[in-house]
1. Which value, in Å², gives the accessible area per residue of the stretch 210-271 when a 1.4 Å probe is used on the protein heavy atoms?
2. Taking all protein chains in place and a 1.4 Å probe, what share, in percent, of the accessible surface of the chain do carbon and sulfur account for?
3. Choose one of CYS352, LEU300, ALA332: the residue whose Cα lies farthest towards the positive end of the charge dipole of the stretch 282-392 (beta-carbon charges +1 Lys, Arg; -1 Asp, Glu; about the Cα centre).
4. In Å, the Kirkwood hydrodynamic radius of the stretch 344-393 over pairs of distinct alpha carbons?
5. What do the square roots of 5 times the Cα gyration tensor eigenvalues come to for the stretch 95-251, in whole Å, largest first, as semi-axes of the equivalent ellipsoid?
6. Which number comes out as Rg/Rh for the chain once both Rg and the Kirkwood Rh are worked out on C-alpha atoms?
7. Please build a GNM for the chain, connecting alpha carbons under 10 Å apart, and tell me which residue among GLY263, GLY145, GLY186 fluctuates the most.
8. How large is the helix-only mean residue ellipticity at 222 nm for the chain, computed as the sum of -39500 (n - 2.57) over DSSP H runs with n ≥ 4, divided by its residue count, in deg cm²/dmol to the nearest 500?
Amino acid sequence: MTGATPSRGVAVLEERRRRFIPALPTLWPGLLSPLTAERPPPFPLGAPRVTCFYFARNAVFHTVRLLGLAGREVLVPAYHHGVEIAALVAAGAVPRFVRVDARMRLDLGDLAAKVGPRTGAIYVIHYAGFPQPMDEVRAVASRAGLPVVEDCALALLSADGTRALGSMGEIGIFCFYKTLPVPNGGALVVNARGVASAAPTPAGAPLGSTLAHAAGALVANAAYRLGEAGVALRLAARGASRAVRRATGLRPISTGTSRFDLGAVHLGMSRLTEVIARRVDAAAVVAARRRNYFLLLGRLRERVPPIFAELPAGVSPLFYPLLCEDKARVKARLAARGIETVDFWRRGHPLCPTGAFPEVAALRRRVLELPVHQDLSPEDMAFVARCAWEALT
Ligand SMILES: Cc1ncc(COP(=O)(O)O)c(C=O)c1O
């Protein structure tokens, strides 16, 4: 009796604390403190030819101009978010879709077969931080004299062994706010000497949007760390922000949407993003993500065959892609336990003929994104794994 009471209390507290498992990393206030030591910024920040934007889609748009792709075909994977394709199209490029298999691997045979006289570039996406075979892609590209664009929107801080993703194509494209607790930010890095000009200097990020996103990430941190009280604070903050929007008609420029807005194409990254990024311990972020991925892999692989059964050296996983037969149901069941997940890429760009790529259609129908980010502890991962297992049954 005496021994049972405290441990049950601890268990209850743990459950309460875990009421909210956020899908994205949250903003720990210490990262804003001037007392926190600055570090060398993680690649591509600080790279010699990097231009930072409000989000990655702007970098995609400007890539078309840099590489002279307007009016030309760009070979793009059939498995994509949709907004990167919209950005290419808005800038005048013509997407031609290439098969991706059930394990999210670009089909190199289909890629080579689709190179033609109108092809201007090859566009590669590294899914969930896992590298595509860049040596083979580069071999196809160099035979045809084409530049390669590496989309690392889902692969910041990730590497293939010791080679940073985004450093092997002529151009690398990044998104910061999916991996780090920053309010906005994407980047275009020019790796090739042959690409002459840099992207145009972007305008500043709108302050209101930056502050709104940072405040959201701070209250998400409170909700994660403080349990019920933090969750209540987050709900109240959300209500207040909705009221302010209604009263003023002002809306922050949303990140993470699938609509491409030509009016936002010159917006840059906020100074706050750089301040936070310089205080993040990138090596610790990668180590935590790898540990968390391994923990889910170990616990879930028996239940559902994993898409990525290995975690190769250098990879920084963005999330754990869980295959579910009924993802809406699994998502709802996890949400009921306080676990946020992302319905990953249910729809692609309307120009992509869905019937032509059955494996991609299956991925769109089945992949649910489970969080493995750096905030989460091994205990959190055990909880996520247990809830996922139960939600699947
Ligand atoms: C592969 C890929 N590229 C580009 C983007 C665009 O990123 P952003 O929202 O930063 O514009 C996304 C967005 O999710 C993406 O998944």
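1. That works out to 59 Å² for each residue.
2. Whole-percent figure for carbon plus sulfur exposure: 58.
3. Selected residue: CYS352.
4. Details: mean 1/r = 0.0759 Å⁻¹.
The Cα-based Kirkwood calculation yields 13.2 Å.
5. 39, 19, 15
6. My calculation of the ratio gives 0.97.
7. Of GLY263, GLY145, GLY186, the most mobile in the Gaussian network model is GLY263.
8. Numbers: 12 runs with 154 residues, N = 393.
It lands at -12500 deg cm²/dmol.
The values are calculated or read from the model by the stated rules, or taken from the named source; none is laboratory data. None of the values given here were measured: they were computed from a predicted structure. Every residue, glycine as well, gets a Cβ built from its backbone with ideal geometry; the counts of neighbours run over all protein chains shown. To get the accessible areas, we keep the full protein, side chains included, count just its heavy atoms, and leave off ligands, DNA and RNA. Shrake-Rupley method; radii C 1.70, N 1.55, O 1.52, S 1.80 Å.
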